[in-house]
């Protein structure tokens, strides 16, 4: 182990046996690993944490530089170690990356990276095999904490391949300066879309905002009751085996002074979704056309769960039916940071819940966390 508590990804060729494999070292994976340690599981002996990212920080390390820590909504500290005295003017990728690194070191989580998990499949004697770029692990349970960042969602529209300008997804948003003097169409009604619009507008020659549904703005504080209601809606979807919607998508856009200014200035004047893309821009069936140099797709992400495909957990509705954090079809599989636990506070709670369930599965005496 090196001095930041991160193991080299290299692994022996032989299959290695552990009780639990945690896939992913973002908020959900680190929370799960913390709770495993807290109830007596030892890293590398009883469990292993595999992360495909090159360094600590989860998806945060890939966020655009202009997303400062002050602009991050609802970031909750990991369990057992508060994030304090962060400089609000620093990029969130740096602040949270350093915090996650310190967390891994503090609790000696021995994260192995970079490791690409290729698939999880049936092994022998009721165990699972986790096949990776760094070897194979045989395990009694899996906590899949892979989030959504690796699966940006790109909608498809007629004529998309004919567009002569540039198309990019928010996953690779470079910051507002890259759009200097350009005509930019931003697609998407979530927090990223509005943040991008407000940043880009002072630099761009023109901006146009299009969304499938009219945006819903939320005035006033985000109360506990409101949060519980939003989580319950997402939870019901995953109980039915439907693809989860994000918690943010059902809470609406929180109104702050920047949003108010942008609405007053016309930056957040929304148009309905266009019907086709042309070589020079976008077009509606009513004859409206907007010229564009760039189409920025702020259209969200989908859960990164392809590694679980060999287990055939997906329901006809397209999602994995869940009972709490556990896949309803397989008690050995827990998804943390999926559906209702996709928020940072939800991931913390779900990590603890998954560990409790796994203790029961492995016939250990439950420990109150």
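Based on other C-beta atoms within 10 Å, arrange 111, 290, 216, 185 from fewest to most. The partial results should precede the final answer.
Working: 111 27, 290 17, 216 11, 185 24.
Ordered from fewest to most neighbouring Cβ atoms within 10 Å, 111, 290, 216, 185 come out as 216, 290, 185, 111.
Using only the alpha-carbon atoms, what does segment 70-184 span along each of its principal axes? Please give whole angstrom values in decreasing order.
That gives 60, 45, 23 Å along the principal axes, largest extent first.
Determine, for 170, 325, 136, 344, the number of other Cβ atoms within 10 Å of each Cβ, and report the residues in order from fewest to most. Mind dumping the intermediate values first?
Numbers: 170 23, 325 28, 136 17, 344 20.
With the sparsest Cβ surroundings first, the list reads 136, 344, 170, 325.
Let me have the relative contact order for segment 100-185, percent, based on Cα pairs under 8 Å that are six or more residues apart. Walk me through the intermediate numbers first.
Values: 52 pairs, mean separation 11.8, N = 86.
Relative CO of segment 100-185 lands at 14 percent.
What does the convex hull of the Cα atoms of segment 296-350 come to per residue, in Å³, rounded to a whole number?
Numbers: hull volume 5.8 nm³, N = 55.
So the per-residue Cα hull volume is 105 Å³.
Compute the relative contact order of the chain as a whole-number percentage, counting only Cα pairs closer than 8 Å that sit 6 or more residues apart in sequence. Each step should come with its number before you reach the end.
Details: 765 pairs, mean separation 82.3, N = 369.
Once normalised by length, the contact order is 22 percent.
With angles folded into 0 to 90 degrees, how steeply does helix 344-361 sit against the dominant principal axis of the chain? Use alpha carbons for both and round to 10.
30 degrees
How much of the DSSP bridge set in the chain is antiparallel, in percent, rounded to the nearest 5? List each step's numbers first, then the result.
On the way: 23 of 60 bridges.
Among the beta bridges of the chain, antiparallel pairing accounts for roughly 40 percent.
Quick check on packing: order 314-322, 81-89, 331-339, 155-163 by the mean number of other C-beta atoms within 10 Å, highest mean leading. The partial results should precede the final answer.
Numbers: 314-322: 16.8, 81-89: 11.2, 331-339: 25.6, 155-163: 12.8.
Packing order, densest peptide first, comes out as 331-339, 314-322, 155-163, 81-89.
Sequence gap at least 6, Cα distance under 8 Å: using those rules, report the relative contact order of segment 60-125 to the nearest whole percent.
Details: 45 pairs, mean separation 23.6, N = 66.
Averaging sequence separation for qualifying contacts and normalising by length gives 36 percent for segment 60-125.
Quickly rank 148-154, 23-29, 138-144 as a protection proxy: mean count of other C-beta atoms within 10 Å, highest first.
Numbers: 148-154: 16.3, 23-29: 28.9, 138-144: 24.4.
In decreasing order of mean packing, 148-154, 23-29, 138-144 become 23-29, 138-144, 148-154.
Please give the helix 224-239 orientation as an angle from the longest Cα principal axis of the chain, in degrees from 0 to 90, rounded to the nearest 10.
The angle comes out near 70 degrees.
So for the pair residue 166, residue 42, with labels modelled 7 Å out along Cα→Cβ, what separation do we get in nm?
Between residue 166 and residue 42, the label points sit 5.3 nm apart.
If a/c stays under 1.5 just call it rounded; otherwise compare a/b with b/c (prolate if a/b is bigger, oblate if not). Do that for segment 321-362, with a ≥ b ≥ c from the square roots of the Cα gyration tensor eigenvalues.
On the way: a/c = 3.09, a/b = 1.39, b/c = 2.22.
Oblate is the answer for segment 321-362, as a/c is 1.5 or above yet b/c matches or exceeds a/b.
In Å, the Kirkwood hydrodynamic radius of the chain over pairs of distinct alpha carbons?
21.9 Å
Working out 0.36 nm times the residue gap between residue 84 and residue 271, then minus their Cα-Cα distance, what length gain in nm do you get to one decimal?
On the way: separation 187, 0.36 × 187 = 67.32 nm, distance 4.07 nm.
63.3 nm is the gain from fully extending residue 84 to residue 271.
Helix 92-106 versus the longest principal axis of the chain: what is the Cα-based angle in degrees, 0 to 90, to the nearest 10?
Long axis of 92-106 versus the principal axis of the chain: about 10 degrees.
Throughout, read-outs are computed from the coordinates displayed, never taken from laboratory work. Predicted, not measured: the structure shown is a model, and the values here were computed from it. When we count neighbours, we look across all protein chains shown, and the Cβ atoms used for this are built from the backbone with ideal geometry, even at glycine.
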